[in-house]
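Worksheet: one structure, shown below.
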Amino acid sequence: MLDPISLGAITAVLGTVGSGMANEAGKWAWESTGGLVRRIVGREVTAPTSTEQLTEVAQLVHERLQGDQQLARTWALFAQALPTSGAGAAPRPTHPRLPPSTRFFTDRQEALKLLDKEASRAFDGSPRVALLHGREGMGTSTLAVHWGWRQADRFPDGQLYVDLRGPGATDAGALLSSLLSQLGLPDEEIPPSAADRVDRFRRHAADRRLLLVLDHAQSAAQIRPLLAPAPGVFTVVVTRRPFTGIDALPVQVGPLARRDAVRLLTDLAGKPAISAAKATLPSLLERCGGSPYALRAAAPRLAELPLTELPLADGDPVRAAADDSYRLLRPEAARLYRLTGLYDWPAFDATAAARTADIEETEAATFLEELADVLLLERTGAGRYHYRPVVRAHAEATAAATDGIAACSAAMSRTVEGYLRLAVGAAQAALPESWRVPSGTSPVRYADRGEAVAALATESRNLVQAVYAAEEFHDWDTVARLCQALWPLQLKAGHHDVLLPALRIGVRTAEAHFPGTRTAGSLHVQLAHSLTELRRWDEAEPEALAAARDEHAAGHLRGHASAVEILGLLRLRQWRWQEAYDSFEEAGGILDCIGPDDEGAGDLPRARALLERHRGRALRGLGRQEEARERLERALRFFRESGEAYNTARALTDLAETRLDGGQFTDALSLIDEAVTALAKENAAYHLVHLRAMRERCVSAAGLQE
C-alpha cells in the first residue's frame, strides 16, 4: 500500500482533487486542499495550474510532512476521506452509440479488409488508427459505421462516435467531454480542464475494448487529443482529404465501380425500374460518378424523371444529385430548402424552419420530412435535421440566385430573431429574479425553471451559431442579448466549453460597441465565470477586472459589487486567500453604498449573507478559524431564516470544515448531519458525497485521537 505522505501519493492527491472540480464537492475539496497546504507549508502557496507547478507544490508538502508527525497524520486523514466518485472507473456503456447503419451496402471489400487488418494488428505500443478518406458523398462515414456494427462483438466495452463538424468541433475539451459522457461519466464528474479530460479519457480507455469513430475530421491537431494509446482501442478517423501528423493506416474510399453502382441502384429501386431505365442508365451512372449518395438520391427518380433530359455531370456528383432532387420539389418545399440552407445550423427543427420561411410550423414539419426523404436533409433524431456541406452550399447558392439578397437577409433576420426570443424567454423563466438576464418581453414561455434550462441546453449549439450570425451581420445588440441569455445555462448546467466561443464574441462586441456600460460589465462577468470553471484562471482574472471597471463606469453599484465578488471567488480557487478576502471586503463596501430606493436594494440582505460566507471561506484559508466561524455563522443564520435549504447546507458544510481544521470532530459531525438533513429534498448528490466523505474523516480522526 502506498505511503500516504510519500511524494507520489501527495502528487496523486493534488492531481485527483484538481481534476475533480466539475461539481460542488470537487470545488470544496480543492479549497480545503489549498487551506491545508497553507497550514503545512506555513505560507500562502498559489494553486498549481500545470503539471510542473503541481509537482513543486507536492514537493513542498512532502518536505514539510517528513518532520511533523501531527501534520502528517492530518494530511493522511484528509487524503483518505476525499470524495473519490470521479477518480475510479467509469460505468461501462450499456449499448453502442454509433449512428444507424444503412440497409443496402455495396462493395468496399478492400477497405473492409484493411480495417479488419488494422483492428487485429498485434499491439506494439502505437495506437491502432485507420484514416478513411474520400470525397463527400463517397460513403466514408457510412463505411465506418457499417464496419463498426459488423464488428460490434470485437468491442464489448462500447462503440463511441463523435461528429467533428460545427461549433466547438475544434475545441478538444468539448470533444473529450462528449467521449467521457459516452463512457458513462455524469457531467458532474467530467474534469473542467482539457488536460485533465485527456488523462481521464485515457485512463478509462486503458483496459477496455473500444471502437472510436471520429467523423468529419479536419486536421491532425483536432483529433490528436482524442487518440488513446491503449491495446483494446481502435480509432477510425473519417475525413474528406488525407492529412499528415498522425501515425495511421490510410484507407482510400473512391467511387463505386460501374457494376457495384448498378447493384446498389438495383437494390434500391428494384429490377423492373432498372430494366425500364436501361436506355438512359449509362448517362445516369456517369452523372452519379460512383457516389453512393448520388445513386441513393437518384434511385427514387428512375420512374419519375425522363433521364434523357439529364445533362452529363461535369462537376461534383453530390451537388448534381442535390440539383436533381431540388428540381422535383414542390415550390413551397423548395423555398424552405433554400432558406434554411443559408447558414450552417448544427441541428434545426420545424420551429426554427418555420421562422426562417415565415410559414406555419405544421407546414414546415411536412416539408422537412419531404426534404429528408429525398436526401436533401439528414435526420439527426428527435425531429431535427442538418445539411451535408455540399448540399447546403447548393441550397445557399440557389437561394441567392432565386430569392435575392433582400429575401435571404430577411430570412436570416427572422431565424436569428427566433433564437433570440427563445433564449430570452428561457433565460427569464430560468432565473426570473436575476438582473443579469436580458430585459424585454418574449412570446416564448416555459412551465418552470427546469424546462427553461433544458431548452437552453438543447439549443445551445444553435444559439452559439446565432451569435456568430449576428456578429457577421453586425447586429451588435442581438450579439449582446443572446450572450446575456446564456447566463442561466452557465450557472445552472455549465456547458462552458460549448458556450465559450459565443462569450468571447460577446466580450469582443462589448469592448468595441458598448464600452463602459452595464452590458459590457455583464458580458465580462459571464466570460470570467466560464473561464474560471474551466480552470483558465490566468484568462479569467483580466475579464473579472474588466467587468468591475465597466460596472463602476456605468454607475451600477449592484453589478460592480458582483463583479468584485466574482474576482474574489476566482482568487479562492487560486488559493490567494488574502486577496480573496480583500475582494469580498471591497464588494461589501460597494453594497453599503446602495440606498433603500436604489436598484438592487431588495437583494441586499441575501447578497450580504453570501459575502459573509465567502469571507468565512477566505479566512479559513488564511488559518483564522475563529473569525471564519463567526462569519459563517452569520451567513448560516440568514439562510436558515430565509428557508434556503441549499445555501443552508453550504454554510453548514463550510462550518464543519472549519471545525475539522481545529480538531473539533464532534462539533463537525453534528454540523455535517444537519447539512445532510437540509439536503434531503434537494437534488444535490455530489454535495452529499462530499458530506459523507467528511463524516468518514470525522469518525476516523476521532478514532485516532482515542
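Computed from backbone phi, the HN-Hα couplings of the range 515-532 come to x, x, 10, 4, 4, 5, x, 4, 5, 5, 4, 4, 5, 4, 4, 5, 5, 5 Hz, rounded to whole numbers (Karplus: 6.51 cos²θ - 1.76 cosθ + 1.60, θ = phi - 60°; Gly and Pro given as x).
Per the Debye calculation on the range 109-252 with a single equal scatterer at every Cα and no solvent contribution, log₁₀ I(q)/I(0) for q = 0.09, 0.10, 0.16, 0.22 Å⁻¹ amounts to -0.24, -0.30, -0.81, -1.55. Solvent-free Debye calculation, one equal scatterer per alpha-carbon of the chain: log10 I(q)/I(0) at 0.08, 0.09, 0.11 Å⁻¹ equals -0.73, -0.90, -1.20.
Across the range 331-402, Cα-Cα pairs farther apart than 13 Å form 57% of the total.
Expressed as a whole percent, the proportion of Cα-Cα pairs in the range 301-446 lying more than 29 Å apart is 25%. Taking amide H positions as modeled 1.01 Å from N, with prolines and chain starts lacking one, the residues under 5 Å from Thr380 and 5 or more places away or on another chain are Tyr385, His386. Straightening the chain between Asp358 and Ala553 buys 66.0 nm, computed as 0.36 nm per residue apart minus the Cα-Cα spacing.
Between Val213 and Leu160, Tyr161, Val162, Val236, the built amide H atoms are under 5 Å apart, and every one of these is 5 or more places off in sequence or on another chain.
The Cα atoms of the range 519-643 give a gyration tensor whose axes a ≥ b ≥ c have a/c of 1.5 or more with a/b no greater than b/c, which makes the shape oblate. All C-alpha to C-alpha distances of the range 632-691, sorted into 10 Å bins beginning at zero, yield P(r) values of 26, 55, 18, 0 percent in whole numbers.
Helices in the chain, meaning DSSP H runs of at least 4 residues, each add -39500 (n - 2.57). Divided by all residues, the mean residue ellipticity at 222 nm is -19500 deg cm²/dmol. The share of alpha-carbon pairs in the range 560-706 lying farther apart than 18 Å comes to 60%. Excluding same-chain neighbours fewer than eight residues apart, the lysines reachable from Lys27 by a Cα-Cα span under 26 Å are Lys492, Lys681. With θ taken as phi - 60° and the Karplus curve 6.51 cos²θ - 1.76 cosθ + 1.60 applied, the whole-hertz 3J(HN,Hα) list for the range 420-430 is 5, 4, 4, 5, 5, x, 5, 5, 5, 6, 6 Hz, x standing for glycine and proline. Compared with the dominant Cα axis of the chain, that is its longest principal axis, helix 604-621 is turned about 70°. Once the chymotrypsin sites (Phe, Trp or Tyr not before Pro) in DSSP loops with at most 14 neighbouring Cβ atoms within 10 Å are cut out of the chain, the longest remaining piece is 124-472.
For the range 394-405, putting each phi into the Karplus relation 6.51 cos²θ - 1.76 cosθ + 1.60 with θ = phi - 60° gives couplings of 5, 4, 5, 5, 5, 5, 4, 6, 8, 9, x, 4 Hz, in residue order, rounded to whole numbers and with x for Gly and Pro. Take the range 7-80, drop everything but the C-alpha atoms, weight them equally and run the Debye formula without solvent; then report log10 I(q)/I(0) at 0.12, 0.22 Å⁻¹ to two decimals. Result of the Debye calculation: -0.28, -0.99. Counting DSSP beta bridges in the chain, what percent are antiparallel, to the nearest 5? Restricted to the chain, the bridges split so that about 15 percent are antiparallel. Here is the list for the range 537-643: GluC sites (Glu not before Pro) lying in DSSP coil, each with at most 15 other C-beta atoms within 10 angstrom of its C-beta, are Glu599.
Just so you know, all these numbers are worked out from the coordinates, no wet-lab data involved. Predicted, not measured: the structure shown is a model, and the values here were computed from it. Note: ideal-geometry Cβ built from the backbone for every residue, glycine included; neighbour counts use all protein chains shown.
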